[in-house]
Amino acid sequence: MQIIKYQEETNFPWHKDATDPNDTATSMLFLNDDFLGGELVIAGHKIQTKTGTVVGFNNSTEVWHGVAPIIKGKRYVLAIWYGPPEEIEEE
């Protein structure tokens, strides 16, 4: 889990996450909407960012996604990555 801050005039180019190969899903909670630009794009679908919106998708290591340029302001999002449950050793 991570809070990500995108500065004005930045973006996050198209990518597939290079994380744990056991990653199963990603969700994002948009924390603000007082900026211009910064739409989330997942597999060619542009998603408008509105405070409180949650977006989820499977297999971030397999799905192309990115963030359009921030034209004005700062964009904040809480990103959560999911994986298989940890195995609990029984005593």
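The values are calculated or read from the model by the stated rules, or taken from the named source; none is laboratory data. Computed from a predicted structure; not experimentally measured. Virtual Cβ from ideal backbone geometry, glycine too; neighbours counted across all protein chains shown. Ligands, DNA and RNA are excluded from the accessible area calculation, which covers all protein heavy atoms including side chains. Shrake-Rupley method; radii C 1.70, N 1.55, O 1.52, S 1.80 Å.
Values for this structure:
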item: Descending semi-axes in Å of region 36-88, equivalent ellipsoid built from Cα gyration tensor; result: 25, 14, 9
item: Per residue convex hull volume, Cα atoms of the chain, in Å³; result: 97 Å³
item: Probe 1.4 Å, protein heavy atoms only - accessible area per residue of the chain in square angstrom; result: 69 Å²
item: The chain - percent relative contact order, Cα under 8 Å, separation 6 or more; result: 47 percent
item: Point-charge dipole on Cβ atoms (K/R +1, D/E -1) for region 38-91, about Cα centre, debye to 20; result: 1000 debye
item: Percent accessible area from carbon and sulfur atoms, the chain, protein chains only, probe 1.4 Å; result: 54 percent
item: Rounded to the nearest 20 debye, dipole of the chain from Cβ charges on Lys, Arg, Asp, Glu; result: 880 debye
